[in-house]
Amino acid sequence: MLVGEIKTIKELYGLDLIAPGHRACAGCGALIAVRQILMASKRPLIVVSATSCLEVTSTPYPQTMWKTPWVHLLFENAATAASGIEAALKVLSRKYNRQEHYIIAFGGDGGTFDIGIQALSGALERGHRFIYVCYDNEAYMNTGIQRSGATPLGAATTTSPVGTKIVGKTQQKKDLMEIVVAHRIPYAATASPSHWKDLVNKVRKAQSYDGPSFIHVIAPCTRGWYFDTSETIKVARLAVETRYWPLYEVENGRYRITHPVPNPKPLEEFLKVQRRLSHLLLPENAEILESLKAYVNERWERLQKLSACFA
Amino acid sequence: MASVKTTTLPGGIINRPGSTIDYKTGTWRVKRPVVNLDKCIGCLICWIYCPEPAIIKRDDGKIDFDYDYCKGCGICSLECPTKAIRIVEE
């Protein structure tokens, strides 16, 4: 069993590191995920944030929602800055016996999948002790819902609209976890704010390693996925229960599915609650739906085989 | 050696943590959550899913809302296991 495993919500009460009054939309999935991650994190903590919805909504100058040291950088270099902070603090703690700090870098899917991937790759390769969290809302929501490398097949965005020539995005989602795992880092995991216990314990586990770790968390977006503000957690849960978002971890190369879904709900249930994807249920788009289903099933089967290898 | 003059650009540093509390996002709300304290079991599931956070634990373990900041998204009402929270028009 993990040392310091969190078992009840009451253990987390009072550990909030964000203040209310931030300007995120009502029902923002990213803020729920970030809030849970910060509550679970060990202290003292330094947060680095790439340009994203999170940065824009959390610090409307001259105010800030963060109750912990926080630095904002360009779109592409959150991982670089986090590694610089880690290296500097390592020297200070060696010279002056200072207390060790924990560092978390946040990036959206645009800042991780597309723009920040080379900085992330470099930081993982150099082996700095920090957590990189990618909160994935599957498009550039901050600038107005443009497609990104994380957008799933068939999803409608403003740059991949549904029309007569194309029906949403024509490419599959990039498998970022595999890119990260290929760096042979100590810990990488996917998570969902709907499964908060799984998420907070993955943060604790990531911080127990002396090296880089990566957490890929789904962050449903009410504006960009087009669902009611009250359904954020419901959508995140459906993503897990339909196997669209498998919850797994890769610990020193050993795969493990942390939330097995023996009886998955049909993928249609996840699609029909969001207007960006509900057009896939129309009979003329059956081919795209089959392709998306095949992608989801293949990934799940692959994960199952990999976790069986290390069981 | 000439001394290096450093200048700080205006802006860029915010030295009061959590200062967004000055801004009351409750004015955005069009619907308001109301808790039925007879049904509330104090499980805090609404609190862990609140994006603000705008839910406070009372001394008796049950919950209350901070209407200064609640944006009225309704996640708490949907996720409450005992259906103790209902959403009413402002």
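Could you line up A:M177, A:M65, A:M141 from fewest to most neighbouring Cβ atoms inside 10 Å? Working shown, then result.
Values: A:M177 20, A:M65 28, A:M141 25.
Result, fewest neighbours first: A:M177, A:M141, A:M65.
With springs connecting C-alpha atoms under 10 Å apart, model chain A as a Gaussian network and identify which of A:A156, A:A188, A:A88 has the largest mean-square fluctuation.
A:A88
Quantify how strongly other chains surround peptide B:77-83 by giving the mean number of their Cβ atoms within 10 Å of each of its Cβ atoms.
Per residue, the average neighbour count from other chains is 2.
With unit charges on the beta carbons (Lys and Arg positive, Asp and Glu negative) and the dipole taken about the Cα centre of the range B:26-89, which residue among B:V88, B:Y69, B:P53 sits farthest to the positive side?
B:V88
For chain B, what is the mean residue ellipticity at 222 nm derived from helices alone (per DSSP H run of n ≥ 4: -39500 (n - 2.57); sum divided by total residues; nearest 500 deg cm²/dmol)?
Helices in chain B give a 222 nm mean residue ellipticity of -1500 deg cm²/dmol.
Please report, in debye to the nearest 20, how large the charge dipole of the range B:26-89 is about its Cα centre when each Lys and Arg carries +1 at its beta carbon and each Asp and Glu carries -1 there.
With only Lys, Arg, Asp and Glu charged at Cβ, the dipole is about 220 debye.
May I ask you to compute the full-extension gain from A:E125 to A:Y61, defined as 0.36 nm times their residue separation minus their alpha-carbon distance, rounded to one decimal in nm?
So the chain would gain 19.6 nm between A:E125 and A:Y61.
Identify, among A:L120, A:W225, A:V296, the residue whose Cα sits farthest towards the positive end of the charge dipole of the range A:9-309, taking +1 on the Cβ of Lys and Arg and -1 on the Cβ of Asp and Glu, with the dipole about the Cα centre.
Farthest along the dipole direction, towards plus: A:L120.
Assign unit charges at the C-beta atoms only (+1 for Lys and Arg, -1 for Asp and Glu), then state the dipole size of the protein assembly as shown relative to its Cα centre in Debye, rounded to the nearest 20.
The calculation lands at about 620 debye.
Which one, B:P53, B:P17, B:P33, has the greatest fluctuation when you compute a Gaussian network model over chain B with C-alpha springs under 10 angstrom?
Evaluated over chain B, the most mobile residue of the options is B:P17.
Taking the Cα centre of the range A:235-311 as origin and charging only Cβ (+1 Lys, Arg; -1 Asp, Glu), how large is the dipole, in debye to the nearest 20?
On the way: 12 positive and 10 negative charges, 47 e Å.
With only Lys, Arg, Asp and Glu charged at Cβ, the dipole is about 220 debye.
How far is it, in nm, from the label point at A:A87 to the one at B:I41 when both lie 7 Å from their Cα along the line to the Cβ?
5.3 nm
Students often forget the sequence filter, so: which lysines lie under 21 Å Cα-Cα from A:K169 once same-chain residues fewer than 8 apart are removed?
Those lysines meeting the cut-off are A:K272, A:K293.
Give me the one-decimal nm value for the distance between modelled label points at A:E301 and A:V71, 7 Å along each residue's Cα-to-Cβ direction.
The modelled label-to-label distance comes out at 4.7 nm.
Which whole-angstrom value gives the distance between the alpha carbon centres of the range A:213-244 and the range A:249-311?
14 Å
If eta is 1.002 mPa s and T is 20 °C, what Stokes-Einstein diffusion coefficient results for the range A:90-196, Kirkwood Rh from Cα pairs, in µm²/s?
135 µm²/s
In straight Cα distance, which aspartates and glutamates are under 13 Å from A:K174, not counting same-chain residues fewer than 8 positions off?
Filter leaves A:D109, A:D114, A:D136, A:E138.
In whole Å, how far is the Cα centre of the range B:25-70 from that of the range A:122-142?
Using only Cα atoms, the two centres lie 32 Å from each other.
Mind checking which of A:V167, A:V47, A:V91 has the largest fluctuation in a GNM of chain A, springs on alpha carbons under 10 Å?
With Cα springs under 10 Å in chain A, the top fluctuation among A:V167, A:V47, A:V91 is at A:V91.
Using amide H atoms built in the peptide plane, which far-off residues or other-chain residues are under 5 Å from A:W70 H to H?
So A:W70 has HN proximity to A:V47.
Within 10 Å of each Cβ in peptide A:12-24, how many partner chain Cβ atoms are there on average? Round it to a whole number, please. Write out the running numbers ahead of the final one.
On the way: counts 3, 4, 1, 0, 4, 2, 6, 10, 18, 13, 8, 5, 5.
Mean partner-chain Cβ count within 10 Å for A:12-24: 6.
For the protein assembly as shown, max minus min Cα coordinate along each principal axis, in Å, sorted largest first?
77, 51, 46
Values quoted throughout were computed directly from the atomic coordinates according to the rules given, and no laboratory measurement underlies them. Predicted, not measured: the structure shown is a model, and the values here were computed from it. Backbone-built Cβ (ideal geometry, glycine too); neighbour counts: all protein chains shown.
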